[in-house]
1. With the structure loaded, tell me whether Ile191 is over 27 Å from Phe218 (Cα atoms), open to solvent by less than 20 Å² (accessible area, probe 1.4 Å) and of a type in the set (Val, Ile, Thr) or whether it fails that test.
2. Just a yes or no: is a residue in the range 176-190 touching a Ser or Thr at 6+ places or on another chain (Cβ under 7 Å) and small (Gly, Ala, Ser)?
3. Would you mention how many residues in the range 190-218 are under 19 Å from the mean Cα position of the chain (by Cα) and closer than 22 Å to Met129 by Cβ?
4. Taking the range 194-237 on its own, how many of its residues are open to solvent by less than 10 Å² (accessible area, probe 1.4 Å) and more than 19 Å from Phe153 (Cβ to Cβ)?
5. For the range 210-251, which positions are among the β-branched types (Val, Ile, Thr) and touching a helix residue (DSSP H, G or I) at 6+ places or on another chain (Cβ under 7 Å)?
6. Just one of Gly186, Gly231, Gly213 is out of contact with any strand residue (DSSP E or B) (no Cβ under 7 Å at 6 or more places or on another chain) and more than 17 Å from Ile62 (Cβ to Cβ); which is it?
7. Please determine whether any residue of the range 149-171 is more than 18 Å from Pro31 (Cβ to Cβ), open to solvent by less than 10 Å² (accessible area, probe 1.4 Å) and of a type in the set (Ser, Thr, Tyr).
8. Looking at Lys221, Lys249, which one is over 18 Å from Thr149 (Cβ atoms), of a type in the set (D, E, K, R) and touching a strand residue (DSSP E or B) at 6+ places or on another chain (Cβ under 9 Å)?
Amino acid sequence: MKGFNHHGVWAIYRFEMARALRTLWQSLVTPVITTALYFVVFGGAIGSRMQELDGVSYGSFIVPGLIMMNLLQLSISNASIGIYFPKFTGTVYELLSAPVSAWEMVLGYVGAAATKSIAIGLLILVTAMLFVDVPIAHPFMMLTMLVLTAVTFSMLGFIIGIWAKGFEQLSFVPALIVTPLTFLGGAFYTINMLPEPWRTVSLANPVVYLVSGFRWAFFDKGDVAIGISLGFTAAFLLVCLGVIGWIFKSGWRLKN
C-alpha cells in the first residue's frame, strides 16, 4: 500500500505559499484598509445612530460578519486560482503523472488556501480591535469555526477551479453568489430583526449558519444554535469531499 507522500504535499503547499508571498504587501494592506473603511462607514457613521444589537455595540457586532465575509471570498479565490493555473498552463498533466495521490494534491492546495485565508481573517480581527472592543467569549470555538469554514470553502474553491473554463468563471461564484448571500446572511445585522416570513426565508441561506456560529463564539449569542451551525458546516465539508472524490474518480474537467 502506498504511504503518505508528505514531500509532495509540502512541495505543493510551499509553492502556493510562495506565490502568495510575492504579493504579500498587497495581501496584507488590502484587508486592513477595507476593514478600516467598514468601521468608518458602518461603525462610525451608521453605528453611532443605531442602538445596541443583542446587548452589543454595533461596531463590535459587525466584526464576526466582516471576518466571515472576507474568509469566504478569500478561501474560494485562493483555492480556485491555485488549481486553475495548472490547468491553464498545462502543468496539470505533470501533477497528474507525479507520484502524488489525488487527496495529497487536495491537501496541498486546500491547506495553502486555508492557511492564507485564516491569516487574513486573524489580521482583520486584530485591525478591528484597534477600532472597537471585541470580546471573545469562546476562543476555542472561534478558532474551530475559523479553521472549519476556511477549509470547507477552500475545498469549494478547489471544485470551482476545476469547473472553470475561463477567468470570468473563477469570479462568478464569489462575486454573484457568495457575496450577496453574505450580505443577506446577517453579516451586518441579526435576522431576528426581520419580520416574518423573511426571517424564516433567511434560514434557507447557508451563510446565516456560518455567521451565526462565528458570532456566537464572540458574544455567546447567535441567530441559530451553535450545534446547528457546526453541523451545517461539517455537512457541507463532507459534501465538498464527496464532490472532489467524484471529480478525481471520473476525471471530470481535469484535462480540459
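The values are calculated or read from the model by the stated rules, or taken from the named source; none is laboratory data. No experiment lies behind these values; they were computed from the predicted model shown. Here the Cβ positions follow ideal geometry from the backbone for every residue, glycine too, while neighbour counts run over all protein chains shown. The area values use the complete protein model at the heavy-atom level, side chains included, leaving out ligands, DNA and RNA. Shrake-Rupley method; radii C 1.70, N 1.55, O 1.52, S 1.80 Å.
1. The answer is no for Ile191.
2. yes
3. Qualifying residue count, the range 190-218: 9.
4. So the count comes out to 1.
5. Here is the first cut: in the range 210-251, the ones among the β-branched types (Val, Ile, Thr) are 211, 224, 226, 228, 233, 239, 243-244, 247.
The answer is Val211, Val224, Ile226, Ile228, Thr233, Val243, Ile244, Ile247.
6. Working: Gly186 fails: more than 17 Å from Ile62 (Cβ to Cβ); Gly213 fails: more than 17 Å from Ile62 (Cβ to Cβ).
Step by step, each of Gly186, Gly231, Gly213 is checked, and only Gly231 is out of contact with any strand residue (DSSP E or B) (no Cβ under 7 Å at 6 or more places or on another chain) and more than 17 Å from Ile62 (Cβ to Cβ).
7. yes
8. On the way: Lys249 fails: touching a strand residue (DSSP E or B) at 6+ places or on another chain (Cβ under 9 Å).
After applying the criteria, what remains is Lys221.
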